[in-house]
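Here's the structure, in structure tokens; my notes come after.
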Amino acid sequence: MAEYTDRRLSLLGSTGSIGTQALDVARCLGIRVEAMAARRNVSLLEQQIREFSPSVAAVMEEDAAADLRVRVADLPVKVLSGMDGFRECAALESCDTVLNSVVGMVGLVPTLTAIEAGKRIALANKETLVAGGRLVMDTAARYGVDILPVDSEHSAIFQSLQGSPGDHAVRKIILTASGGPFFGMTKEQLAAVKKEQALRHPNWDMGQKITIDSATLMNKGLEVIEAAWLFGKTVDEIEVVVHRQSIIHSAVEYCDGSVIAQLGLPDMRIPIQYAITWPDRAPSPAKPLSLTEIGQLTFAQPDTENFRCLEICRQAMRRGGLCPCAANGANEAAVDLFLHDRISFPQIAELVGEAMERQAVTPDYTLEDVLEADRAARRFVCDTIS
């Protein structure tokens, strides 16, 4: 197994699904983890600190940070808390790459901090680009920072673009979707689904929020927005195709009719590793793909009538400004309500659509504008339901 002992990684969201798999990659490749940050899973974070010996660790909640300080008092690790702690991890001088795998809007500020510190960004926090796409991409261009996608779909697009002669050669991006656990259900059936059903994804083992987003197709809508920013395309140049097997992770269609795709088993360690080792490739702990074992690959159009979140995200991007930010903030609030049995499954899309349409269109915006649009969308959802 090749080693990348010269790499220095700061891992935001180390205790989540992406974070734990990133540590598996770091373990296999001998990558030094200089900093770790998590929201509140102190027990798992302590185990990670003892194995990887980071110089800095951060927890979002202060009471959890106080607990962690007691747990690791015997170790030479600096324990921080809150957004300031996350930002310090993101800008740590001794690291060269920041892998941001936190969930939700909380990932935006650390991403900007890492960019301004000149770090290479391995981005798994899609809300960073959904909420503040223009701000983030302009900042990355100003500081000359690479943003490398970790999402399996965006990594597949990125890989399929390697060797492309230029943007003029690309006709469209083909973004694949599993369809989630409710593919083919009617509106009446969707009205009766419960969170336990929505949390059973057919192909991927992910956190609760992204799993619900996959069930509503909101996740695919967010990915359309993210792809538009990452690859400089309009949403109308991005086609979504339901591919239930999750083997083709996405593809690029060129002007000559050629379609280049990236295939692999649904294992997030592959795109995580590529974002860290790019432009190199290294042996992976993931199981190799056997097409004969898979046997059949199928494709279908997404149902945007019964799964409205996908089209709402497209509309938000067409309107521009902070409309995608409002859709994202409303979705985070609505998903939380759904997970607490306070709204039905279809109400998620209803709330997201209403919040997006209420957002004024302002083409130029600051970080504070982004944060306020996010707060306003969340307030709207909570006020509507209370």
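Annotation for region 306-318: at least one member residue is of a type in the set (D, E) and in a helix (DSSP H, G or I). Could you check, for region 174-189, whether at least one of its residues is out of contact with any helix residue (DSSP H, G or I) (no Cβ under 8 Å at 6 or more places or on another chain), open to solvent by less than 50 Å² (accessible area, probe 1.4 Å) and either polar (S, T, N, Q) or in a strand (DSSP E or B) (or both)? Yes: one or more hits. Tell me yes or no: at least one residue of region 226-243 is acidic (D, E), at pLDDT 95 or above and under 17 Å from the mean Cα position of the chain (by Cα). Yes, region 226-243 contains a residue that is acidic (D, E), at pLDDT 95 or above and under 17 Å from the mean Cα position of the chain (by Cα). Of the residues making up region 278-309, those that are modelled with pLDDT of 95 or more, farther than 30 Å from A327 by Cβ and open to solvent by less than 50 Å² (accessible area, probe 1.4 Å) number 1.
Within region 196-213, work out how many residues are open to solvent by 10 Å² or more (accessible area, probe 1.4 Å), more than 12 Å from the chain's Cα centre (by Cα) and either of a type in the set (A, V, I, L, M, F, W, C) or modelled with pLDDT of 90 or more (or both). Break it down into steps so the answer makes sense when it comes.
The initial filter retains those residues of region 196-213 that are open to solvent by 10 Å² or more (accessible area, probe 1.4 Å), namely 196-197, 199-210.
Still in the running and more than 12 Å from the chain's Cα centre (by Cα): 196-197, 199-205, 208.
Those left that are additionally either of a type in the set (A, V, I, L, M, F, W, C) or modelled with pLDDT of 90 or more (or both): 196-197, 199, 204.
Total meeting the criteria: 4.
The residue of region 365-386 that is nearest to the chain's Cα centre (by Cα), among those that are without any contact (Cβ under 8 Å) to a residue 24 or more places away in the chain and exposed (fewer than 14 other Cβ atoms within 10 Å of the Cβ), is E368. Scanning region 57-92 for residues that are closer than 17 Å to L108 by Cα and basic (K, R) yields one hit, R87.
Only one of the numbered conditions (1) more than 22 Å from C309 (Cβ to Cβ); (2) out of contact with any strand residue (DSSP E or B) (no Cβ under 6 Å at 6 or more places or on another chain) is violated by L222, and that is (1). Residues considered: D280, D341, D303, D336. Of these, the only one that is of a type in the set (D, E, K, R) and within 20 Å of V370 (Cβ to Cβ) is D336.
Against the test of being over 26 Å from I147 (Cβ atoms) and under 23 Å from the mean Cα position of the chain (by Cα), the options P302, P266 yield a single qualifying residue, P302.
Looking at region 246-283 only, could you name the residues that are of a type in the set (S, T, N, Q), assigned to a loop (DSSP other than H, G, I, E, B) and touching a residue at least 40 places away in the same chain (Cβ under 8 Å)? Steps first, answer last, please.
Taking region 246-283 first, the residues of a type in the set (S, T, N, Q) are 246, 250, 258, 262, 273, 277.
Then drop every residue that is not assigned to a loop (DSSP other than H, G, I, E, B), which leaves 246, 258.
Hit for region 246-283 is S246, nothing else.
Checking the structure you have, find out if any residue of region 310-318 is surrounded by fewer than 17 Cβ atoms within 10 Å (Cβ to Cβ), basic (K, R) and over 22 Å from the mean Cα position of the chain (by Cα). No, region 310-318 contains no residue that is surrounded by fewer than 17 Cβ atoms within 10 Å (Cβ to Cβ), basic (K, R) and over 22 Å from the mean Cα position of the chain (by Cα).
Just to be sure, is I18 among the β-branched types (V, I, T), within 23 Å of Q208 (Cα to Cα) and either surrounded by 20 or more Cβ atoms within 10 Å (Cβ to Cβ) or modelled with pLDDT under 95 (or both)? The answer is yes for I18.
Can you confirm whether A73 is open to solvent by less than 40 Å² (accessible area, probe 1.4 Å) and either on the phi < 0 side of the Ramachandran plot or not in a strand (DSSP E or B) (or both)? First the steps, then the outcome.
Working: open to solvent by less than 40 Å² (accessible area, probe 1.4 Å): no; either on the phi < 0 side of the Ramachandran plot or not in a strand (DSSP E or B) (or both): yes.
Spelling it out, it is not the case that A73 is open to solvent by less than 40 Å² (accessible area, probe 1.4 Å) and either on the phi < 0 side of the Ramachandran plot or not in a strand (DSSP E or B) (or both).
Which one of these is touching a residue at least 24 places away in the same chain (Cβ under 8 Å), out of contact with any Lys or Arg (no Cβ under 7 Å at 6 or more places or on another chain), surrounded by fewer than 18 Cβ atoms within 10 Å (Cβ to Cβ) and part of a loop (DSSP other than H, G, I, E, B): G118, G163? Answer to the selection: G118.
In the set L12, L29, which member is open to solvent by less than 20 Å² (accessible area, probe 1.4 Å), of a type outside the set (V, I, T) and closer than 16 Å to N125 by Cα? Step through it out loud before you land on a result.
Details: L29 fails: closer than 16 Å to N125 by Cα.
Of the residues listed, the single one that is open to solvent by less than 20 Å² (accessible area, probe 1.4 Å), of a type outside the set (V, I, T) and closer than 16 Å to N125 by Cα is L12.
Applying the condition of being more than 20 Å from the chain's Cα centre (by Cα) and open to solvent by 70 Å² or more (accessible area, probe 1.4 Å) to region 327-360 and asking which residue is nearest to E188 (Cα to Cα) yields E350. Within region 133-148, which residues are open to solvent by less than 10 Å² (accessible area, probe 1.4 Å), in contact (Cβ under 8 Å) with a residue 60 or more places away in the chain and touching an Asp or Glu at 6+ places or on another chain (Cβ under 9 Å)? G133, the sole residue that qualifies.
The values are calculated or read from the model by the stated rules, or taken from the named source; none is laboratory data. Not measured: the values here are computed from a predicted model. Cβ atoms come from the backbone with ideal geometry, glycine included; neighbour counts cover every protein chain shown. The protein model used for the area step is the full one, side chains on, heavy atoms only, and it has no ligands, DNA or RNA in it. Shrake-Rupley method; radii C 1.70, N 1.55, O 1.52, S 1.80 Å.
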